[in-house]
Every structure is written in structure tokens, then in C-alpha cells.
1. Going by the structure shown, is Gln187 over 29 Å from Gly88 (Cα atoms) and part of a helix (DSSP H, G or I)?
2. Which residues, counting only those in the stretch 89-114, are within 15 Å of the ligand (Cβ to nearest atom) and open to solvent by less than 10 Å² (accessible area, probe 1.4 Å)?
3. How about the stretch 284-321: which of its residues are within 30 Å of Thr366 (Cα to Cα), surrounded by 16 or more Cβ atoms within 10 Å (Cβ to Cβ) and either away from the ligand (no atom under 16 Å from the Cβ) or polar (S, T, N, Q) (or both)?
4. So, of the residues in the stretch 370-383 that are in contact with a Ser or Thr (Cβ under 7 Å, 6 or more places away or on another chain) and open to solvent by less than 10 Å² (accessible area, probe 1.4 Å), which turns out to be nearest to the ligand (Cβ to nearest atom)?
5. Of the residues in the stretch 274-283, how many are touching a Ser or Thr at 6+ places or on another chain (Cβ under 9 Å), in a loop (DSSP other than H, G, I, E, B) and open to solvent by less than 60 Å² (accessible area, probe 1.4 Å)?
6. Only one of (1) open to solvent by 10 Å² or more (accessible area, probe 1.4 Å); (2) within 18 Å of the chain's Cα centre (by Cα) is not met by Leu195, so which one is it?
7. Going by what's in this entry, would Thr342 be described as away from the ligand (no atom under 16 Å from the Cβ), open to solvent by less than 10 Å² (accessible area, probe 1.4 Å), of a type in the set (S, T, N, Q) and under 22 Å from Ser299 (Cβ atoms)?
8. Open to solvent by less than 70 Å² (accessible area, probe 1.4 Å), free of Cβ contacts under 8 Å to residues at least 40 places away in the same chain and part of a helix (DSSP H, G or I): does that describe Lys328?
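The values are calculated or read from the model by the stated rules, or taken from the named source; none is laboratory data. Bear in mind the structure is a predicted one, so any value in this text is a computation, not a measurement. Neighbour counts are summed over all protein chains in view; Cβ atoms, including those assigned to glycine, are modelled from backbone coordinates with ideal geometry. Keep in mind that these areas ignore ligands, DNA and RNA; they rest on the heavy atoms of the full protein, side chains included. Shrake-Rupley method; radii C 1.70, N 1.55, O 1.52, S 1.80 Å.
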Amino acid sequence: MRNPVLGLLLWSVMHTSTVWAQDLEVLHWWTSGGEAQSVAVLKKVFKEKSGATWKDFNIAGGAGENALKVLKTKALAGHPPAAVQMKGPQIQDWGKMGLLTSINDLAKREQWDEKLPKEIANAVKYNNNWVAVPFNVHRINWVWVNPKVLAQAKAKVPTTLAELFETADKIKKIGLLPFAHGGQAWQDATVFEELLLAIAGPDLYRKALVQLDPKALQSPEVKATFEALRQYSSYLDKNRKGLDWDKATRLVMDGKAGMQFMGDWAKGEFIAAGKHPGKDFLCIPVPGSEDSFIYNVDSFAFFETKSKNTKKNQEQLAAIIMDEAFQKTFNVKKGSIPAVPTTKMEDFDSCAKASMESFVKTSKTTGQVPSMAHQMASSSEVMQAVYDVVEAHINSNMSADEAVKRLAKSIREATM
Ligand code: GAL
């Protein structure tokens, strides 16, 4: 298929005709090694508990860029999947269109209001109705490090951005890749928000990327972020276009690259490959952002259905996702921390424990901010505007001043 979007659409239309009442069609983008192992846990428990068939509708593409497009076509044509990986403002948008179904009875029976932190509960409710369930909290502001590469380069684990680039220089000198980075807009935007947090701090991050305040968007800190991004981009592989994030993680794992900026689903890849934190890889907060936390909550939303069977299966799936035993098994593999805070943390590794500690700490300060690059902070139009400007900047010699101007303008236009 020459045109990938057309291919996806065609596939989705063909797919519709094969869904039966006893099936539960689930749209998600968890297709990398670690992601697939995590979602396999859910498929297995769902099959055992419901007896129904999980109709897998997976659309590869990190951060759900492709999955979102397919969802739009299917849902607007009147054939939405029963359960869909979806988050933040998107849940509100689909809720507003009246297409999501409420699972309030189940939520009430199982006392979800008491079980979940308010912020997470609010993110999966529309108009005070439970329309989705949360799996986890991913921390975005991490750098994944191969300690053997650092030792080879005689470089130290960086604690400031200046040290980060010193370490990068040393890795470059021994002929290895300082940063593994895939060439896709969402990956560029992920690094942009991580650098912004490290340089500007959480308050300005919030003003710029959540409140979309024009003054904050044109602040010296945003300019400095584009400058840091320019410096960062000088260490990347020129042939990275189209490289998936998990292939980039693999470069770090295999000792071909020293570091990767990525949310902790990257840890899911290390774990799936049998690697151990502290030995084979290190997780360090992006230097400068130690006291802050960019959060990204994965959830499944449920679409309205006329079929009683489907509704029953939707509730069954929701109940499994909220179960503590499931939250533990799933998140140990996925790299994230559980959304249900009473889940026992003993079996989690040191990176997850550090993430939990930071999550609890930052929930008492202003240090928690939602991820823009992962659909938690804004409408998809605004997110796309940020993707476009950051991608254009990283792939050209656009000045930081020009990038700041374009960013403010594109965001203004996206909100008109
Ligand atoms: C994020 C999602 C994660 C992970 C990542 C890469 O948006 O929340 O669970 O899948 O994309 O695809």
C-alpha cells in the first residue's frame, strides 16, 4: 500500500465486518516488545474472566499518532471500537460528542472514587461520569543510560544539562552515538517538553504548554529550550528519519548509543529484553528536572453500544484494569507505576520506586505537569501545532528566535 493512511483506513473498514457480539474490539497502539508483553497480560485475564474474545485492533505508531487517525474515521463512520486507548483532553472531546458510555454502576460498586487520586479520577471522567479507566502513570522526564558506554567514554553520569552535553561530547569522541533518537515528530516533541521542564521549571511549563499563555510561550526560557534542542540535535544520527522509539532504545541496550530521552515505557523494552536497572541500564531524571514530574496516564475509554453483551464485556475489562493484582503485573512490565495507589510496590524495580517517590512528592508541590507530547495537556490541534514547529526546527537550521515566533503563532491559530 503506497499511502499508509489510506491503508490504515481500508484495513479499519474491512475490520468492521468481522466483529461479533461476543467479541470485544479493542483499539490500542501497544505493539513494541515491552508494550505487547504488557497488553498480553490483559488479553489473557480478560479471556479467562469473560469467556469473550478480545478482538485486537492494534495500530502501530508511538504516542498513538496513527491510532488516533483511525479512531476518528471509524467513530465518525458510526463504527467505533468498544474500547479505545485514549487519554486526557481526548476523553473530554469524545465525551462531548456523546459517544462514550458511562460505567458509573461498576465504579460505584467498586468505590473507585475512594480508590483513585482525584486528578487521575477526573482525567477519566466526563461530566462526572466514569467513561474510561486508568492503567498507570508514566513519567516522561527520564534519560536512559548505558553505563558501559559511559565507562568506555570515561564520561560521568550527568547531573546538569552542561554535564549532559559534556558526556555527549565524550561519547562522540569514541565513535558512538551520544543520543539515540527516532525521527518522528512526537519523539522530537517529547524531548522538547523534557528540556523545557529542565530549563524553565514546572510553573512556566504549565503557563506555556497547558495555559498556552502567549507571554510564556515567547519567554527567554522557551528560546533557551530551542537552543538546547539545537545543541542536542547536533549529537543525533543524521539517518534517523522514521526510526521508531523502541529501535532507538535498542541502540542504547546494545551499546551503540549512550543515552535516550524517553518516558519510562522505554524501561519496558529493557525489561522485556531481560536487562536490569542499575546494572545494564540507568534511569536518571532529565538533569534540571529532578524535582518535577511530567505525567502521562494511559487509559481505555468505552464507546456507547446497543449490545448488552458488549456492555457486559466493557465492564468486565474495566474491572480487570482497576484490579490491584492486574495493575501490578501490567505495570511491572510496562515500565510505569500503578494508577491505583494501594497497589503493592515490592515487586517493582528501582526506577519504578524512584518514579513513585517523585510522584508522591510532586503531588504535594507544583512540580507535576501533564505531558503535551502525549495528549495529556491540550487539544490534538494544539499538540499537532507544537509537533510541527519542533519537528521543523530540529530538522533545519531554524533559529531559536524564529522557532519561538512560529510556536506562538501556530498555537494561536490552533486555538482560534
Ligand atoms: C505513549 C503511551 C505509552 C507508550 C508510548 C509509546 O503515548 O502513553 O503507553 O505506549 O506512547 O508508544
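1. no
2. Passing the criteria: only Ile91.
3. First, the residues of the stretch 284-321 that are within 30 Å of Thr366 (Cα to Cα): 284-301, 321.
Still in the list and also surrounded by 16 or more Cβ atoms within 10 Å (Cβ to Cβ): 284-289, 292-301, 321.
Matches in the stretch 284-321: Ile284, Pro285, Val286, Pro287, Gly288, Ser289, Ser292, Asn296, Ser299.
4. To start, the set of residues in the stretch 370-383 that are in contact with a Ser or Thr (Cβ under 7 Å, 6 or more places away or on another chain) comprises 372-373, 377, 382.
Within this subset, residues satisfying the condition of being open to solvent by less than 10 Å² (accessible area, probe 1.4 Å) are 372-373, 382.
On the way: Met372: 11, Ala373: 8, Val382: 16 Å.
Out of the qualifying residues, it is Ala373.
5. So the count comes out to 0.
6. (1)
7. no
8. Values: open to solvent by less than 70 Å² (accessible area, probe 1.4 Å): yes; free of Cβ contacts under 8 Å to residues at least 40 places away in the same chain: yes; part of a helix (DSSP H, G or I): yes.
It is true that Lys328 is open to solvent by less than 70 Å² (accessible area, probe 1.4 Å), free of Cβ contacts under 8 Å to residues at least 40 places away in the same chain and part of a helix (DSSP H, G or I).
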